[in-house]
Amino acid sequence: MDSILKVFFLAMVPVGELRLSLPTAITIYNLDWQTAFFISFLGNIVPVVLILLFLGPASKYLSGRSAIMKKGFDWVFERTRKKSGSKIERAGEATLVGFVAIPLPFTGAWTGAIAAFLFNIPFKRAFPLISLGVFISGIIVLFLTTLGLWII
């Protein structure tokens, strides 16, 4: 049970996410692949829900309380929209699936959820797209891990 909780929380960590928790579960904690995949998937999805539901209200609250926070949020959000907005508009919301599915640092569920917030993709659209991306990423990482090609 202790190893399952460790894998679950490891999957919640930004940057590593499922890419780290799934190989760890299989190679270090010797969990069977089905349990490892399920726990890693669930752990990776929890932050997505929290980001999609609370990033907007949290940034609005903090921006209203501090001029420095407001400037910081405005700068980051505007810069991101300018740099990536046309790509998202051209390719559509489905690009979230591909972006999240690529098992590389800075392309996972956390970044996908933040992008969905920045581009005003509603929860009802963003959550299934990001979940599908996490599932595909999990399949890729599972495949590479079972072949011995994924190194933690």
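Any read-out appearing in this document is the output of simple, stated calculations on the displayed coordinates, not a laboratory observation. In this text, all values refer to a predicted model and were calculated from it rather than measured experimentally. Neighbour counts run over all protein chains shown; Cβ positions are idealised from the backbone, glycine included.
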At a threshold of 8 angstrom on Cα-Cα distance, excluding pairs fewer than six apart, so keeping six or more, what relative contact order does the chain reach in percent? 29 percent
Out of A126, A58, A109, any idea which swings most in a Gaussian network model of the chain, alpha carbons joined below 10 Å? A58
With θ set to phi - 60°, apply the Karplus curve 6.51 cos²θ - 1.76 cosθ + 1.60 along region 94-104 and write out the HN-Hα couplings as whole Hz, x wherever there is a Gly or Pro. 5, 4, 4, 4, x, 4, 6, 6, 6, x, 10
Rounded, prolate or oblate: which fits the chain, taking a ≥ b ≥ c as square roots of the Cα gyration tensor eigenvalues, rounded meaning a/c under 1.5, else prolate when a/b beats b/c? prolate
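Given the DSSP H assignment, sum -39500 (n - 2.57) over each helix run of at least 4 residues in the chain and divide by its residue total; what's the result at 222 nm in deg cm²/dmol, nearest 500?
-27000 deg cm²/dmol
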Amide H to amide H under 5 Å from T107: which residues, 5+ apart in sequence or cross-chain, H placed 1.01 Å off N in plane? none
Which FRET efficiency value, to the nearest 0.05, do you get for S66 and V46 by plugging their Cβ-Cβ distance into 1/(1 + (r/R0)^6) with R0 = 30 Å? 0.60
Top mean-square fluctuation among L50, L96, L142, Gaussian network model of the chain, C-alpha springs under 10 Å? L50
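Can you tell me the length gained on complete extension of the stretch L132 to F77, counting 0.36 nm per residue apart and subtracting the Cα distance?
17.3 nm
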